[in-house]
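J.: Below you'll find the structure I mean.
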Amino acid sequence: MSQDTVITVVQETLKAIIFASAPPLLMGLVIGLIVSIFQTITSINEQTLAFIAKILAIFISLVIFGAFMLTTLQDLFLNLYSDFSKFIQ
C-alpha cells in the first residue's frame, strides 16, 4: 500500500467521522449556549437544567439525523471494503 493510498483512506475516514458526529455535537453546543444564556439572564444556577437539555437535544438529533449518520458510515465501510484488494498488495 502506497503512502498516497494511506493518506487518502485516513482523509476519507476523518471526513466521515466528522460528518457523522457533527449533528449531535452541534445540537448539544447550541442548546448548551441557549440554556447558559437563559441561566445567566434569570440567575438560575441549576446544573441539571443544562445537562438534561443537552441530553434531550442530542437524543433528538440522533433521531432526526440518525439515517444520515448511518448512511455516511455505511458508505465509508462499503468504499473501504470494495477497495480492499488494493490495500493488501
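The values are calculated or read from the model by the stated rules, or taken from the named source; none is laboratory data. Predicted, not measured: the structure shown is a model, and the values here were computed from it. Reconstructed Cβ throughout: ideal geometry from the backbone, glycine too, with neighbour counts over all protein chains shown.
J.: Which members of region 1-55 meet the condition of being more than 18 Å from residue 76 (Cα to Cα) and in contact with an Asp or Glu (Cβ under 9 Å, 6 or more places away or on another chain)?
T.: 39
Quick grid of which residues meet (1) in contact with a Gly (Cβ under 8 Å, 6 or more places away or on another chain); (2) modelled with pLDDT of 95 or more:
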| site | (1), (2) |
| --- | --- |
| 37 | no, no |
| 40 | no, no |
| 43 | no, no |
| 50 | yes, no |
| 63 | no, yes |
| 80 | no, no |
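J.: Please verify whether residue 79 is surrounded by 12 or more Cβ atoms within 10 Å (Cβ to Cβ) and either in a loop (DSSP other than H, G, I, E, B) or among the polar types (S, T, N, Q) (or both), treating the condition exactly as stated.
T.: yes
J.: In addition: Show the residue pairs meeting these rules: Cβ distance below 6 Å; 6+ apart or different chains; first residue within region 2-27 and under 16 Å from residue 61 (Cα atoms); second residue of a type in the set (S, T, N, Q) and surrounded by 17 or more Cβ atoms within 10 Å (Cβ to Cβ).
T.: Partner pairs satisfying both residue conditions: 19/72; 20/72; 23/61; 24/61; 27/61.
J.: So, one more: Restrict the check to region 21-39 and report whether at least one residue is in a loop (DSSP other than H, G, I, E, B) and touching a Phe, Trp or Tyr at 6+ places or on another chain (Cβ under 8 Å).
T.: Looking through region 21-39, none of the residues is in a loop (DSSP other than H, G, I, E, B) and touching a Phe, Trp or Tyr at 6+ places or on another chain (Cβ under 8 Å).
J.: Would you check if there is a residue in region 36-49 being free of Cβ contacts under 8 Å to residues at least 12 places away in the same chain and under 30 Å from residue 3 (Cβ atoms)?
T.: No, that holds for no residue.
J.: Within region 57-70, take every residue that is more than 15 Å from residue 19 (Cβ to Cβ) and without any contact (Cβ under 8 Å) to a residue 12 or more places away in the chain and give me the one that is surrounded by the most Cβ atoms within 10 Å (Cβ to Cβ).
T.: Within region 57-70, the match that is surrounded by the most Cβ atoms within 10 Å (Cβ to Cβ) is 59.
J.: Please state which one of 52, 31 is surrounded by 11 or more Cβ atoms within 10 Å (Cβ to Cβ), without any contact (Cβ under 8 Å) to a residue 40 or more places away in the chain and in contact with a Lys or Arg (Cβ under 9 Å, 6 or more places away or on another chain).
T.: Working: 52 fails: in contact with a Lys or Arg (Cβ under 9 Å, 6 or more places away or on another chain).
Testing whether each residue is surrounded by 11 or more Cβ atoms within 10 Å (Cβ to Cβ), without any contact (Cβ under 8 Å) to a residue 40 or more places away in the chain and in contact with a Lys or Arg (Cβ under 9 Å, 6 or more places away or on another chain) leaves just 31.
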